[in-house]
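Visitor: Handing you this structure, nothing more for now.
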């Protein structure tokens, strides 16, 4: 997540530049070590029966890539090749359950970036993976993670999206493009991620995407939700800058539960439990909290059987859209066009609305021009009213 850029000429900007220079030196030394370890760990020439895809970003990013992954699986022209995914360990089990990939290799992104022994262990493992092709379909590539993973694979050919530098700190425009044989253009970053992913498989492989297909079983739905009508609210987020205020979520929950027939379920990760509790304490009638006690199968089942899903810009929202559940996101402007403003027709039967407060500075990449405390939401989030969200809920419920 990019941080707000310091003002020009300020002491903070000088410190920012020196910090970036220091980490560039550190990472370039690290890349040199990566290269030596990968070279020594390879068993023979590149090539083989594997086709390796790398997605080590967040769950929402993977879900937005899912239509592209399923198109590749359906139409893959090379008989006998194995479909391998290197995935963020936070959601790799979900990817395995989809049945798209012959093998899923989990990678702990935090440890890969911060613990040298784990990084070298993974570099050695990836270097032993011979592949005909290694693919990085991430638009905002990260040299420390996705680029490094692709580089380590013993592949005959490596391709990536041309992309941008939003995740390239401290490298700026100095992305390691030379690690690839080909970069595929998909347009600018001011397009929805679904369109970039669609154009990548179209331009690189000549394929067209269809809406994602996720199979959900009623058996994975927690017993307390059987035979009741409920709404799901996801009020947390890893990045505080995306969090709509808890008291407003509480007002939405109170409105949903006012008639007494609709139960509300708060979902989130263990780390978001405090955010969920903050919402629950402000509600007139306590909602059911399910934080961290849902595996991905159960999470998908909970969302799939909900009357409506409401939340911040997180993976749960993208899962709701993929499952064709009426979905409302309280969306800020940082990457509004790229993630929040779903293009019509790209998800069949999707009932989706982005509750937002338009501002001229939208699509700022979260480089907010206003003074914002660290970890707190910016004006484009705090300006979203309860009435705006409730109106969006009414719209998606009215769609057929």
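Visitor: From 134, 160, grab the single residue that is over 19 Å from the mean Cα position of the chain (by Cα) and modelled with pLDDT of 95 or more.
Guide: That would be 134, the only listed residue that is over 19 Å from the mean Cα position of the chain (by Cα) and modelled with pLDDT of 95 or more.
Visitor: Right, another one. Of all the residues that make up the stretch 215-239, how many are assigned to a loop (DSSP other than H, G, I, E, B) and within 24 Å of residue 377 (Cα to Cα)? It would help to see each step written out before you state the result.
Guide: Going through the stretch 215-239, the residues assigned to a loop (DSSP other than H, G, I, E, B) turn out to be 215-217, 221-222, 226-229, 235-239.
After this cut, where a residue has to be within 24 Å of residue 377 (Cα to Cα) as well, the list is 235-239.
So the answer is 5.
Visitor: What is the one condition in (1) over 30 Å from residue 99 (Cα atoms); (2) touching a residue at least 12 places away in the same chain (Cβ under 8 Å); (3) outside any loop (DSSP other than H, G, I, E, B) that residue 204 does not satisfy?
Guide: Residue 204 satisfies every listed condition except (1).
Visitor: Right, something else. Which of the residues belonging to the stretch 366-391 are within 24 Å of the chain's Cα centre (by Cα) and in a helix (DSSP H, G or I)?
Guide: If the condition is that a residue be within 24 Å of the chain's Cα centre (by Cα) and in a helix (DSSP H, G or I), then 379, 380, 381, 382, 389 are the ones that fit.
Visitor: Kindly provide the set of residues from the stretch 290-308 that are modelled with pLDDT of 95 or more and closer than 19 Å to residue 330 by Cβ, ordered by number.
Guide: Result: 303, 306, 307, 308.
Visitor: Regarding residue 212, is this residue part of a loop (DSSP other than H, G, I, E, B), closer than 30 Å to residue 99 by Cα, within 27 Å of the chain's Cα centre (by Cα) and in the same structural domain as residue 296 (by TED's automatic domain parsing)?
Guide: Working: part of a loop (DSSP other than H, G, I, E, B): yes; closer than 30 Å to residue 99 by Cα: yes; within 27 Å of the chain's Cα centre (by Cα): yes; in the same structural domain as residue 296 (by TED's automatic domain parsing): no.
Considered against the rule, which asks whether it is part of a loop (DSSP other than H, G, I, E, B), closer than 30 Å to residue 99 by Cα, within 27 Å of the chain's Cα centre (by Cα) and in the same structural domain as residue 296 (by TED's automatic domain parsing), residue 212 comes out as no.
Visitor: Please verify whether residue 394 is within 25 Å of residue 211 (Cβ to Cβ) and more than 23 Å from the chain's Cα centre (by Cα), treating the condition exactly as stated.
Guide: Working: within 25 Å of residue 211 (Cβ to Cβ): yes; more than 23 Å from the chain's Cα centre (by Cα): yes.
Considered against the rule, which asks whether it is within 25 Å of residue 211 (Cβ to Cβ) and more than 23 Å from the chain's Cα centre (by Cα), residue 394 comes out as yes.
Visitor: Only strands (runs of 3 or more DSSP E) wholly contained in the stretch 240-318 count here; list those with 3 or more residues that are without any contact (Cβ under 8 Å) to a residue 40 or more places away in the chain.
Guide: Working: elements: 263-268, 288-291, 309-311.
Because the criterion is at least 3 residues that are without any contact (Cβ under 8 Å) to a residue 40 or more places away in the chain, the strands (runs of 3 or more DSSP E) in the stretch 240-318 that meet it are 263-268.
Visitor: Filter the stretch 163-178 for residues that are touching a strand residue (DSSP E or B) at 6+ places or on another chain (Cβ under 7 Å) and surrounded by 19 or more Cβ atoms within 10 Å (Cβ to Cβ); which is modelled with the lowest pLDDT?
Guide: Quick first cut of the stretch 163-178, residues touching a strand residue (DSSP E or B) at 6+ places or on another chain (Cβ under 7 Å) only: 163-164, 166-167, 177.
Of the ones still in play, those that are also surrounded by 19 or more Cβ atoms within 10 Å (Cβ to Cβ) are 163, 167.
On the way: 163: 87, 167: 80.
Among those residues, the one meeting the criterion is 167.
Visitor: Considering the stretch 158-195 alone, what residues qualify as being part of a helix (DSSP H, G or I) and within 16 Å of residue 53 (Cα to Cα)?
Guide: Narrowing the stretch 158-195 to residues part of a helix (DSSP H, G or I): 177-179, 193-195.
Once the filter is applied, which keeps residues that are part of a helix (DSSP H, G or I) and within 16 Å of residue 53 (Cα to Cα), the stretch 158-195 yields only 179.
Visitor: Something else now. Taking the criterion of being surrounded by 19 or more Cβ atoms within 10 Å (Cβ to Cβ) and more than 25 Å from residue 220 (Cα to Cα), would at least one residue in the stretch 259-270 satisfy it?
Guide: Within the stretch 259-270, none of the residues are surrounded by 19 or more Cβ atoms within 10 Å (Cβ to Cβ) and more than 25 Å from residue 220 (Cα to Cα).
Visitor: Does at least one position in the stretch 375-388 carry a residue that is in the same structural domain as residue 263 (by TED's automatic domain parsing), at pLDDT below 95 and surrounded by fewer than 22 Cβ atoms within 10 Å (Cβ to Cβ)?
Guide: yes
The values are calculated or read from the model by the stated rules, or taken from the named source; none is laboratory data. Everything quoted here is computed from the prediction, not taken from an experiment. Cβ: placed from backbone, ideal geometry, glycine included. Neighbour counts: every protein chain shown.
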